[in-house]
1. Which value, in Å², gives the accessible area per residue of the stretch 37-162 when a 1.4 Å probe is used on the protein heavy atoms?
2. Could you put Asp12, Asp33 in order of accessible surface area, largest first, with the 1.4 Å probe and the full protein assembly present?
3. Just how much of Trp99 is accessible, in Å², when a 1.4 Å probe is used and the result is rounded to the nearest 10?
4. Give me the percent of DSSP beta bridges within the chain that run antiparallel, rounded to the nearest 5.
5. Answer rounded, prolate or oblate for the stretch 44-91, using the Cα gyration tensor with square roots of eigenvalues a ≥ b ≥ c: rounded when a/c is under 1.5, else prolate when a/b is larger than b/c, else oblate.
6. Would you mind working out the magnitude of the charge dipole of the stretch 37-162 relative to its Cα centre, with +1 at each Lys and Arg C-beta and -1 at each Asp and Glu C-beta, to the nearest 20 Debye?
7. If you place +1 on the Cβ of every Lys and Arg and -1 on the Cβ of every Asp and Glu, how big does the dipole about the Cα centre of the stretch 1-64 come out, in debye to the nearest 20?
8. Counting only protein heavy atoms, what percent of the accessible surface of the stretch 1-93 is carbon or sulfur at a 1.4 Å probe?
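The values are calculated or read from the model by the stated rules, or taken from the named source; none is laboratory data. In this text the structure is predicted, and so the values were computed from the model without any measurement. Note that each Cβ is placed from the backbone with ideal geometry, even for glycine, and that neighbours are counted across all protein chains shown. Areas reflect the complete protein model, heavy atoms only, side chains present, ligands, DNA and RNA absent. Shrake-Rupley method; radii C 1.70, N 1.55, O 1.52, S 1.80 Å.
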Amino acid sequence: MPSPSEPPLITDRLVLRPVRTRDLPVMTRLWTDPEVRRHLGGPVTESVVRIRQRRIVGAPHCRAVERAADGVVLGLVTVERAGRGGETEVSYQFLPEHWGRGYAREAVAAAVARALEDTQSVVAVTQEANTRSRRLLEAVGMTHAESFTEWDAHQVLYRRTA
């Protein structure tokens, strides 16, 4: 992902840009909503929320996903250059009221394509039980690479190479 000073990543319907202070209520909801967090270990504690709130604004690997038409923040896409196993790792969270409209797929596809401009592969991990996330990863060209157990749940790692 670009640094905060670089221009946002723009798709047909979305703008992926650095997280701003005014986005913190949406980010907090992403971290605490039981539906969003169902396959992510559950809602995070208040103390963790406070730490995340201090660190996320302007963080170079985090992008708020904003609907271009009206500026509504729909979710978050993160691309970490030295993620799992040293590979570039993409992760994402979207508010439930925006699920099923293709926003996450559009945002993740753009983030993965951008990352693959200067890295050989991108990985993503999701719980085996998270069929929606698995379909999304497959839709953006990622393939199942391995399965394992972590955090007391069956996980799957997907990978896409350049």
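1. Working: 6530 Å² over 126 residues.
I get 52 Å² per residue for this part.
2. Numbers: Asp12 155, Asp33 25 Å².
Sorted by accessible area, descending: Asp12, Asp33.
3. 80
4. Values: 32 of 34 bridges.
Counting DSSP beta bridges with both partners in the chain, the antiparallel share is about 95 percent.
5. Values: a/c = 2.35, a/b = 1.18, b/c = 1.99.
Because a/c hits 1.5 or more and a/b fails to exceed b/c, the stretch 44-91 counts as oblate.
6. Values: 18 positive and 15 negative charges, 52 e Å.
In total the dipole reaches around 240 debye.
7. Working: 12 positive and 6 negative charges, 33 e Å.
Here the stretch 1-64 has a charge dipole of around 160 debye.
8. 53
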